[in-house]
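The values are calculated or read from the model by the stated rules, or taken from the named source; none is laboratory data. Predicted, not measured: the structure shown is a model, and the values here were computed from it. Remember, those area values only see protein heavy atoms, side chains included, never the ligands or the DNA or RNA. Shrake-Rupley method; radii C 1.70, N 1.55, O 1.52, S 1.80 Å.
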Amino acid sequence: MSPIPTVPGLLALGWDDGWASALSELCDPNLSPARVSRVDRGMCTVMTGMAEERVAAERGVEVAVGDWVGVGPGSAAGGKARIVAVLPRRCVFRREAKTRGAAPPQIVAANIDTVLLCDALDGGLSLRHLERFLALAWQSGATPVVLITKSDAAPAAVVVKAVEAVEAVANGVSVHVVSSTSGEGIEEVAPYLVPGHTVALLGLSGAGKSTLVNLLAGEEILATGAVREDGSGRHTTTHRELVLLPGGGLLIDTPGMRALSVVGAGDGVEQTFWDVEVLARNCKYTNCSHKGEQGCALAAALSDGRLERGRFESWLRLKAEPASSELDVARRDIAERKRRKAAIHADRRAART
Ligand SMILES: Nc1nc2c(ncn2[C@@H]2O[C@H](COP(=O)(O)OP(=O)(O)OP(=O)(O)O)[C@@H](O)[C@H]2O)c(=O)[nH]1
Ligand SMILES: [Mg+2]
Ligand SMILES: [Zn+2]
(Lines give C-alpha, C1' and ligand atoms only; values in the text may rest on other atoms or scores of the structure.)
(Ligands and ions follow the chains in the order given, each with its own letter.)
Protein backbone atom coordinates (compact mmCIF):
# COMPACT_ATOMS: atom_id res chain seq x y z
CA MET A 1 0.00 0.00 0.00
CA SER A 2 1.47 3.33 -1.01
CA PRO A 3 1.65 5.85 1.82
CA ILE A 4 -0.83 8.72 1.68
CA PRO A 5 0.96 12.04 1.16
CA THR A 6 0.19 14.31 4.09
CA VAL A 7 -0.87 17.86 3.49
CA PRO A 8 0.58 20.01 6.32
CA GLY A 9 -2.88 21.49 6.83
CA LEU A 10 -4.23 18.02 7.65
CA LEU A 11 -2.00 17.79 10.72
CA ALA A 12 -3.62 20.93 12.10
CA LEU A 13 -6.96 19.14 11.77
CA GLY A 14 -5.71 16.22 13.90
CA TRP A 15 -4.50 13.92 11.13
CA ASP A 16 -1.89 11.39 12.30
CA ASP A 17 -0.31 8.04 11.37
CA GLY A 18 -3.25 6.15 12.84
CA TRP A 19 -5.72 7.91 10.55
CA ALA A 20 -3.35 7.46 7.61
CA SER A 21 -3.22 3.71 8.11
CA ALA A 22 -7.01 3.56 8.62
CA LEU A 23 -7.41 5.26 5.26
CA SER A 24 -4.88 3.02 3.52
CA GLU A 25 -6.71 -0.03 4.87
CA LEU A 26 -9.65 0.97 2.68
CA CYS A 27 -7.42 0.05 -0.30
CA ASP A 28 -8.86 2.73 -2.53
CA PRO A 29 -6.18 4.97 -4.05
CA ASN A 30 -8.87 7.39 -5.25
CA LEU A 31 -9.82 8.40 -1.73
CA SER A 32 -8.40 11.50 -0.14
CA PRO A 33 -8.81 12.35 3.56
CA ALA A 34 -10.96 15.13 4.93
CA ARG A 35 -12.53 16.04 8.25
CA VAL A 36 -16.23 16.78 8.58
CA SER A 37 -16.89 20.21 10.07
CA ARG A 38 -20.63 20.47 9.51
CA VAL A 39 -23.57 18.32 8.45
CA ASP A 40 -26.74 20.03 7.26
CA ARG A 41 -29.42 19.77 4.60
CA GLY A 42 -28.16 16.42 3.45
CA MET A 43 -24.71 17.83 2.70
CA CYS A 44 -21.46 17.94 4.61
CA THR A 45 -18.81 20.59 4.86
CA VAL A 46 -15.40 18.96 4.91
CA MET A 47 -11.96 20.42 5.57
CA THR A 48 -9.17 18.99 3.45
CA GLY A 49 -6.33 20.93 5.03
CA MET A 50 -6.23 23.22 2.04
CA ALA A 51 -9.85 24.15 1.46
CA GLU A 52 -13.40 23.72 2.66
CA GLU A 53 -15.75 21.81 0.40
CA ARG A 54 -19.40 20.89 0.38
CA VAL A 55 -19.92 17.24 -0.49
CA ALA A 56 -22.68 14.67 -0.19
CA ALA A 57 -22.21 11.27 1.38
CA GLU A 58 -22.80 8.04 -0.49
CA ARG A 59 -26.09 6.36 0.34
CA GLY A 60 -25.80 4.43 3.59
CA VAL A 61 -22.71 6.29 4.80
CA GLU A 62 -23.61 8.03 8.06
CA VAL A 63 -21.44 11.00 8.83
CA ALA A 64 -21.02 13.04 12.03
CA VAL A 65 -19.18 16.25 12.82
CA GLY A 66 -15.59 15.42 13.73
CA ASP A 67 -15.43 12.35 11.51
CA TRP A 68 -12.45 11.63 9.34
CA VAL A 69 -13.71 10.51 5.96
CA GLY A 70 -12.45 9.26 2.62
CA VAL A 71 -13.62 11.49 -0.25
CA GLY A 72 -13.60 10.15 -3.77
CA PRO A 73 -15.52 9.84 -7.01
CA GLY A 74 -17.87 7.23 -5.50
CA SER A 75 -20.62 5.65 -7.55
CA ALA A 76 -22.25 8.91 -8.65
CA ALA A 77 -22.50 9.64 -12.34
CA GLY A 78 -20.40 12.58 -13.47
CA GLY A 79 -17.63 11.83 -11.03
CA LYS A 80 -18.70 14.37 -8.36
CA ALA A 81 -16.69 13.95 -5.18
CA ARG A 82 -18.57 12.19 -2.41
CA ILE A 83 -17.90 10.88 1.05
CA VAL A 84 -17.34 7.22 0.39
CA ALA A 85 -16.26 6.00 3.82
CA VAL A 86 -16.01 7.07 7.45
CA LEU A 87 -12.76 6.06 9.14
CA PRO A 88 -13.39 4.03 12.31
CA ARG A 89 -14.20 6.50 15.08
CA ARG A 90 -11.92 6.66 18.10
CA CYS A 91 -14.52 8.26 20.26
CA VAL A 92 -18.24 8.92 19.84
CA PHE A 93 -20.43 11.18 21.92
CA ARG A 94 -24.01 9.99 21.66
CA ARG A 95 -27.28 11.27 23.00
CA GLU A 96 -30.74 9.84 23.10
CA ALA A 97 -32.71 10.77 19.96
CA LYS A 98 -35.27 13.57 20.41
CA THR A 99 -38.18 11.31 19.55
CA ARG A 100 -38.17 8.36 21.86
CA GLY A 101 -39.01 5.08 20.24
CA ALA A 102 -37.40 3.41 17.30
CA ALA A 103 -34.83 6.11 16.53
CA PRO A 104 -31.24 5.11 17.28
CA PRO A 105 -29.12 7.37 19.52
CA GLN A 106 -27.79 10.42 17.70
CA ILE A 107 -24.10 10.97 17.30
CA VAL A 108 -23.37 14.43 18.65
CA ALA A 109 -19.72 14.47 17.65
CA ALA A 110 -16.91 12.06 16.89
CA ASN A 111 -13.19 11.91 17.59
CA ILE A 112 -13.19 14.39 20.43
CA ASP A 113 -10.26 14.52 22.87
CA THR A 114 -11.79 16.75 25.50
CA VAL A 115 -15.39 17.58 26.34
CA LEU A 116 -15.93 20.96 27.97
CA LEU A 117 -19.19 20.69 29.89
CA CYS A 118 -20.49 24.24 30.22
CA ASP A 119 -22.62 25.00 33.23
CA ALA A 120 -23.71 28.63 33.48
CA LEU A 121 -23.96 30.24 36.88
CA ASP A 122 -27.19 31.95 35.80
CA GLY A 123 -28.59 28.79 34.27
CA GLY A 124 -30.41 25.79 35.48
CA LEU A 125 -28.07 22.85 35.03
CA SER A 126 -28.74 20.70 38.05
CA LEU A 127 -26.03 18.60 39.59
CA ARG A 128 -28.03 15.56 38.54
CA HIS A 129 -27.86 16.76 34.94
CA LEU A 130 -24.15 17.35 35.29
CA GLU A 131 -23.70 13.77 36.45
CA ARG A 132 -25.45 12.59 33.30
CA PHE A 133 -23.28 14.74 31.08
CA LEU A 134 -20.19 13.44 32.86
CA ALA A 135 -21.23 9.82 32.50
CA LEU A 136 -21.89 10.37 28.79
CA ALA A 137 -18.56 12.09 28.34
CA TRP A 138 -16.56 9.32 30.04
CA GLN A 139 -18.43 6.73 28.05
CA SER A 140 -17.62 8.50 24.78
CA GLY A 141 -13.91 8.02 25.35
CA ALA A 142 -13.20 11.74 25.68
CA THR A 143 -11.94 13.39 28.86
CA PRO A 144 -14.51 15.66 30.48
CA VAL A 145 -13.73 19.05 31.98
CA VAL A 146 -16.34 21.25 33.64
CA LEU A 147 -16.53 24.95 32.86
CA ILE A 148 -18.65 27.01 35.22
CA THR A 149 -19.49 29.85 32.84
CA LYS A 150 -20.66 33.45 33.30
CA SER A 151 -18.80 33.92 36.58
CA ASP A 152 -19.35 37.67 36.20
CA ALA A 153 -23.10 37.11 36.66
CA ALA A 154 -22.87 36.02 40.29
CA PRO A 155 -21.26 37.27 43.51
CA ALA A 156 -17.95 35.66 44.45
CA ALA A 157 -19.51 33.72 47.33
CA VAL A 158 -22.01 32.10 44.97
CA VAL A 159 -19.17 31.15 42.61
CA VAL A 160 -17.26 29.49 45.44
CA LYS A 161 -20.37 27.53 46.49
CA ALA A 162 -21.00 26.44 42.89
CA VAL A 163 -17.43 25.21 42.51
CA GLU A 164 -17.71 23.20 45.73
CA ALA A 165 -21.00 21.63 44.64
CA VAL A 166 -19.68 20.77 41.18
CA GLU A 167 -16.41 19.39 42.52
CA ALA A 168 -18.38 17.13 44.85
CA VAL A 169 -20.06 15.39 41.92
CA ALA A 170 -17.30 15.77 39.34
CA ASN A 171 -14.90 13.42 41.13
CA GLY A 172 -11.46 14.54 40.14
CA VAL A 173 -12.55 16.10 36.85
CA SER A 174 -10.96 19.53 36.34
CA VAL A 175 -13.33 22.38 37.10
CA HIS A 176 -12.66 25.90 35.80
CA VAL A 177 -14.56 29.12 36.41
CA VAL A 178 -14.79 31.29 33.30
CA SER A 179 -16.43 34.43 32.04
CA SER A 180 -16.50 35.49 28.40
CA THR A 181 -17.55 38.94 29.54
CA SER A 182 -14.77 39.67 32.01
CA GLY A 183 -12.24 37.24 30.55
CA GLU A 184 -11.83 35.46 33.87
CA GLY A 185 -10.40 31.95 33.57
CA ILE A 186 -10.00 32.05 29.80
CA GLU A 187 -6.27 31.38 30.22
CA GLU A 188 -7.23 28.11 31.95
CA VAL A 189 -9.09 26.94 28.85
CA ALA A 190 -6.25 27.77 26.48
CA PRO A 191 -4.11 24.69 27.39
CA TYR A 192 -6.85 22.40 26.01
CA LEU A 193 -6.60 24.12 22.66
CA VAL A 194 -3.43 22.60 21.28
CA PRO A 195 -2.95 22.03 17.54
CA GLY A 196 -4.55 18.82 16.35
CA HIS A 197 -6.52 18.42 19.58
CA THR A 198 -10.33 18.39 19.34
CA VAL A 199 -12.46 19.93 22.04
CA ALA A 200 -16.27 19.82 22.09
CA LEU A 201 -18.45 22.25 24.04
CA LEU A 202 -21.61 20.78 25.51
CA GLY A 203 -24.27 22.09 27.83
CA LEU A 204 -27.72 23.57 28.07
CA SER A 205 -28.90 26.24 25.66
CA GLY A 206 -27.71 29.67 26.75
CA ALA A 207 -24.73 28.39 28.74
CA GLY A 208 -22.47 30.62 26.69
CA LYS A 209 -20.82 27.99 24.49
CA SER A 210 -20.82 29.94 21.22
CA THR A 211 -19.78 33.14 22.97
CA LEU A 212 -16.76 31.29 24.36
CA VAL A 213 -15.88 29.86 20.94
CA ASN A 214 -15.98 33.38 19.47
CA LEU A 215 -13.77 34.70 22.24
CA LEU A 216 -11.25 31.89 21.80
CA ALA A 217 -11.32 32.31 18.02
CA GLY A 218 -10.75 36.05 18.39
CA GLU A 219 -13.65 36.86 16.07
CA GLU A 220 -17.42 36.54 15.78
CA ILE A 221 -17.59 33.35 13.80
CA LEU A 222 -20.72 31.99 15.46
CA ALA A 223 -24.09 33.53 16.27
CA THR A 224 -24.98 33.93 19.94
CA GLY A 225 -28.31 34.80 21.51
CA ALA A 226 -29.73 36.30 24.66
CA VAL A 227 -31.28 34.01 27.23
CA ARG A 228 -35.05 34.41 27.71
CA GLU A 229 -36.58 36.00 30.81
CA ASP A 230 -37.37 32.59 32.31
CA GLY A 231 -33.70 31.75 32.14
CA SER A 232 -34.04 29.14 29.43
CA GLY A 233 -31.89 29.50 26.38
CA ARG A 234 -33.04 30.23 22.87
CA HIS A 235 -31.35 27.45 21.03
CA THR A 236 -29.38 29.95 19.01
CA THR A 237 -26.98 27.34 17.70
CA THR A 238 -28.92 24.92 15.54
CA HIS A 239 -26.18 22.72 14.15
CA ARG A 240 -22.90 21.31 15.29
CA GLU A 241 -19.81 22.89 13.84
CA LEU A 242 -16.12 22.17 13.97
CA VAL A 243 -14.03 25.31 13.99
CA LEU A 244 -10.28 25.50 13.44
CA LEU A 245 -8.90 28.19 15.71
CA PRO A 246 -6.32 30.61 14.29
CA GLY A 247 -3.88 29.70 17.07
CA GLY A 248 -4.33 25.95 16.52
CA GLY A 249 -6.80 23.65 18.21
CA LEU A 250 -10.21 22.53 17.06
CA LEU A 251 -13.48 23.38 18.74
CA ILE A 252 -16.85 21.75 18.15
CA ASP A 253 -19.77 23.97 19.12
CA THR A 254 -23.07 22.16 19.67
CA PRO A 255 -26.67 23.26 20.13
CA GLY A 256 -27.85 23.26 23.75
CA MET A 257 -29.14 19.92 24.92
CA ARG A 258 -32.08 19.52 27.17
CA ALA A 259 -33.65 16.07 27.20
CA LEU A 260 -30.32 14.45 27.54
CA SER A 261 -30.37 10.85 28.44
CA VAL A 262 -27.49 8.58 29.16
CA VAL A 263 -27.36 5.90 26.55
CA GLY A 264 -25.95 2.69 27.88
CA ALA A 265 -23.79 4.59 30.30
CA GLY A 266 -21.92 1.48 31.50
CA ASP A 267 -18.33 2.40 32.27
CA GLY A 268 -19.25 6.07 32.19
CA VAL A 269 -21.42 5.70 35.27
CA GLU A 270 -18.71 3.79 37.07
CA GLN A 271 -16.17 6.51 36.40
CA THR A 272 -18.50 9.33 37.36
CA PHE A 273 -19.57 7.57 40.53
CA TRP A 274 -16.41 5.78 41.51
CA ASP A 275 -16.80 6.94 45.11
CA VAL A 276 -20.20 5.23 45.30
CA GLU A 277 -18.88 2.17 43.48
CA VAL A 278 -16.04 1.86 45.98
CA LEU A 279 -18.43 2.17 48.92
CA ALA A 280 -20.76 -0.42 47.39
CA ARG A 281 -17.93 -2.96 47.33
CA ASN A 282 -18.25 -3.14 51.11
CA CYS A 283 -21.87 -4.23 51.07
CA LYS A 284 -22.32 -7.55 52.84
CA TYR A 285 -23.92 -9.21 49.84
CA THR A 286 -22.35 -8.90 46.40
CA ASN A 287 -25.80 -8.71 44.81
CA CYS A 288 -26.98 -6.04 47.27
CA SER A 289 -29.74 -3.89 45.74
CA HIS A 290 -28.93 -1.12 48.28
CA LYS A 291 -32.62 -0.82 49.06
CA GLY A 292 -32.62 -1.71 52.74
CA GLU A 293 -30.69 -4.96 52.81
CA GLN A 294 -28.81 -5.92 55.92
CA GLY A 295 -25.16 -4.91 55.85
CA CYS A 296 -25.57 -2.38 53.02
CA ALA A 297 -22.50 -0.14 53.06
CA LEU A 298 -24.35 2.57 51.17
CA ALA A 299 -27.12 2.72 53.76
CA ALA A 300 -24.41 3.21 56.37
CA ALA A 301 -22.68 5.90 54.31
CA LEU A 302 -26.01 7.68 53.79
CA SER A 303 -26.77 7.71 57.48
CA ASP A 304 -23.38 9.01 58.60
CA GLY A 305 -23.26 11.62 55.83
CA ARG A 306 -20.39 10.18 53.78
CA LEU A 307 -22.78 9.81 50.85
CA GLU A 308 -25.30 12.40 49.78
CA ARG A 309 -28.82 11.05 49.11
CA GLY A 310 -29.29 12.86 45.77
CA ARG A 311 -26.04 11.46 44.46
CA PHE A 312 -26.95 7.96 45.65
CA GLU A 313 -30.35 8.14 43.93
CA SER A 314 -28.79 9.49 40.76
CA TRP A 315 -26.37 6.55 40.73
CA LEU A 316 -29.20 4.05 41.27
CA ARG A 317 -31.19 5.59 38.40
CA LEU A 318 -28.29 5.62 35.98
CA LYS A 319 -27.31 2.06 36.88
CA ALA A 320 -30.86 0.92 36.19
CA GLU A 321 -30.86 2.26 32.64
CA PRO A 322 -30.31 -0.52 30.16
CA ALA A 323 -27.14 -0.58 28.07
CA SER A 324 -27.57 0.77 24.57
CA SER A 325 -27.53 -2.65 22.96
CA GLU A 326 -30.48 -3.75 25.09
CA LEU A 327 -32.17 -0.44 24.38
CA ASP A 328 -31.62 -0.90 20.67
CA VAL A 329 -33.12 -4.37 20.78
CA ALA A 330 -36.13 -3.15 22.76
CA ARG A 331 -36.64 -0.29 20.32
CA ARG A 332 -36.38 -2.51 17.29
CA ASP A 333 -39.00 -4.81 18.83
CA ILE A 334 -41.35 -1.90 19.43
CA ALA A 335 -40.84 -0.55 15.91
CA GLU A 336 -41.42 -4.00 14.44
CA ARG A 337 -44.62 -4.47 16.46
CA LYS A 338 -45.88 -1.05 15.31
CA ARG A 339 -45.05 -1.89 11.70
CA ARG A 340 -46.94 -5.19 11.91
CA LYS A 341 -49.94 -3.52 13.52
CA ALA A 342 -50.02 -0.88 10.79
CA ALA A 343 -49.82 -3.57 8.12
CA ILE A 344 -52.75 -5.48 9.67
CA HIS A 345 -54.83 -2.28 9.81
CA ALA A 346 -54.00 -1.51 6.18
CA ASP A 347 -55.02 -5.05 5.16
CA ARG A 348 -58.32 -4.70 7.03
CA ARG A 349 -59.01 -1.34 5.41
CA ALA A 350 -58.26 -2.79 1.99
CA ALA A 351 -60.58 -5.77 2.67
CA ARG A 352 -63.41 -3.37 3.62
CA THR A 353 -63.25 -1.40 0.36
N1 LIG B 1 -22.91 37.73 31.74
C2 LIG B 1 -22.46 36.88 30.83
N3 LIG B 1 -23.23 36.57 29.77
C4 LIG B 1 -22.72 35.72 28.86
C5 LIG B 1 -21.43 35.13 28.99
N6 LIG B 1 -21.23 34.31 27.96
C7 LIG B 1 -22.35 34.37 27.20
N8 LIG B 1 -23.25 35.23 27.73
C9 LIG B 1 -24.58 35.55 27.19
O10 LIG B 1 -25.42 34.44 27.31
C11 LIG B 1 -26.30 34.35 26.20
C12 LIG B 1 -26.20 32.98 25.55
O13 LIG B 1 -24.90 32.82 25.00
P14 LIG B 1 -24.60 31.82 23.81
O15 LIG B 1 -23.13 31.82 23.61
O16 LIG B 1 -25.45 32.08 22.62
O17 LIG B 1 -25.05 30.44 24.46
P18 LIG B 1 -24.99 28.97 23.84
O19 LIG B 1 -24.55 28.07 24.94
O20 LIG B 1 -24.18 28.96 22.61
O21 LIG B 1 -26.54 28.71 23.53
P22 LIG B 1 -27.17 27.72 22.41
O23 LIG B 1 -26.52 28.03 21.10
O24 LIG B 1 -28.63 28.08 22.44
O25 LIG B 1 -26.92 26.34 22.90
C26 LIG B 1 -25.91 35.50 25.28
O27 LIG B 1 -26.79 36.58 25.51
C28 LIG B 1 -24.52 35.86 25.72
O29 LIG B 1 -24.20 37.20 25.49
C30 LIG B 1 -20.65 35.51 30.13
O31 LIG B 1 -19.51 35.07 30.35
N32 LIG B 1 -21.22 36.38 31.01
MG1 LIG C 1 -24.62 28.42 20.72
ZN1 LIG D 1 -25.72 -2.18 49.43
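Taking Rh as the Kirkwood radius, which is the inverse of the mean 1/r over Cα pairs, what is the Rg/Rh value for region 273-320? Could the numbers behind the result be given before it?
Working: Rg = 9.6 Å, Rh = 10.6 Å.
The Rg/Rh ratio comes out at 0.91.
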For region 109-153, with all protein chains present and a 1.4 Å probe, just round the carbon and sulfur fraction of the accessible area to a whole percent.
-> 47 percent
Probe 1.4 Å, protein heavy atoms only - accessible area per residue of region 92-253 in square angstrom = 41 Å²
Counting only heavy atoms of the protein chains, get the accessible area per residue of region 273-320 (1.4 Å probe) and round it to a whole Å² value.
-> 61 Å²
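When the chain is fully extended, how far beyond the present Cα-Cα distance does Gln106 get from Glu164, taking 0.36 nm per residue of separation?
Numbers: separation 58, 0.36 × 58 = 20.88 nm, distance 3.24 nm.
So the extension gain works out to 17.6 nm.
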Karplus-derived HN-Hα couplings along region 195-200 (A = 6.51, B = -1.76, C = 1.60, θ = phi - 60°), whole Hz, x at Gly and Pro | x, x, 9, 10, 10, 10
Amide H neighbours of Val92 under 5 Å, counting only residues 5+ apart in sequence or on other chains, H built in-plane at 1.01 Å?
-> Asn111
